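Trainee: The structure's right below; bear with me while I get my questions together.
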Amino acid sequence: MNLARRTMNAPALAAIYEKAWRPALFYLASGRSTTADRRDAVTTLRLDGSQKVLDIACGPGNFTRYLSNALDGDGYAIGLDYSAPMLARAVADNAGPRVGYLRGDARTLPFAEGTFDAVCCFGALYLIPDPIAATREMIRVLAPGGRIAITTSHRWDPPFSRASQIVAGWAGLRVFDTDTFPELFAEHGLTDIDQQIHRSLQYLSAARPT
Ligand SMILES: C[S@@+](CC[C@H](N)C(=O)[O-])C[C@H]1O[C@@H](n2cnc3c(N)ncnc32)[C@H](O)[C@@H]1O
């Protein structure tokens, strides 16, 4: 197991992730606050009713509960993660009437095709050993008319691109180029593909046609 994956399984990280680790590192990486990221997630996933939401690699549930707050009626959000310490934090810190947590692997989701109206994965595809398989799984469980959103790494422009790849490789993180995810989304027939680059992170959203 590489450094990044070991870190994500450490109870000490789970304890500080939501309040300190994520706000600081993501601000450094993207220039954006977690508050802005959460608001954009609700907006781009178009959450405003009884949708079924799947938050892949949910960590301590720091997005899952926030997303669930935008739902009503029969709506709910499920957070899925493989790290037991992260899920223990999620249950302790981010429980709610429309939230559930599940231990699982993003590469083999235990759901039928088209189960969810919205599927997201923030800050994790660069950690997952087969990120393309995980993204295909997200698309598989997305219902017609549903929306998908991801945040992942983005290669720095020259002259820092090589350095960023070396540092990321040492830590066990993958760095993606500009085209990988838009092309993958288009290949699967997704539409309304929007990509925004924020320093060394990229944010993408798209829709599955009805
Ligand atoms: C940096 S946290 C992201 C938490 C949250 N989504 C956010 O944006 O702040 C990354 C999470 O990915 C999870 N993870 C990594 N590989 C995974 C996999 N194959 N399946 C499920 N979760 C995974 C880790 O356990 C960790 O909790």
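The values are calculated or read from the model by the stated rules, or taken from the named source; none is laboratory data. Everything quoted here is computed from the prediction, not taken from an experiment. Heads up, the Cβs are rebuilt from the backbone with ideal geometry, glycines too, and the neighbour counts pull from every protein chain shown. These accessible areas exclude ligands, DNA and RNA; they are computed on the full protein's heavy atoms, side chains included. Shrake-Rupley method; radii C 1.70, N 1.55, O 1.52, S 1.80 Å.
Trainee: Does Arg140 satisfy being more than 21 Å from Ser30 (Cβ to Cβ), in contact with a Leu (Cβ under 8 Å, 6 or more places away or on another chain) and not polar (S, T, N, Q)?
Mentor: The answer is yes for Arg140.
Trainee: Another question, then. If the Cβ limit is 8 Å and pairs must be 6+ apart or interchain, which residue in segment 34-59 that is modelled with pLDDT under 95 and open to solvent by less than 10 Å² (accessible area, probe 1.4 Å) pairs with which residue that is of a type in the set (D, E, K, R) and outside any loop (DSSP other than H, G, I, E, B)?
Mentor: none
Trainee: Do you know which residues across segment 179-208 are touching a strand residue (DSSP E or B) at 6+ places or on another chain (Cβ under 7 Å), at pLDDT 95 or above and part of a loop (DSSP other than H, G, I, E, B)?
Mentor: Selection gives Leu190, Arg208.
Trainee: So, one more: List the pairs whose first member sits in segment 125-146 and is within 30 Å of Gly169 (Cα to Cα) and open to solvent by 10 Å² or more (accessible area, probe 1.4 Å), whose second member is within 9 Å of the ligand (Cβ to nearest atom) and of a type in the set (Gly, Ala, Ser), and whose Cβ atoms are under 6 Å apart, counting only residues at least 6 apart or on separate chains?
Mentor: Leu127/Ala4; Ile128/Ala106; Ile128/Ala134
Trainee: Also, quick follow-up: Within segment 1-56, count every residue that is within 13 Å of the ligand (Cβ to nearest atom) and in contact with a His (Cβ under 7 Å, 6 or more places away or on another chain).
Mentor: 2
Trainee: For segment 57-80, enumerate the residues that are among the aromatic types (Phe, Trp, Tyr) and either more than 16 Å from the ligand (Cβ to nearest atom) or touching a Pro at 6+ places or on another chain (Cβ under 8 Å) (or both).
Mentor: Tyr76
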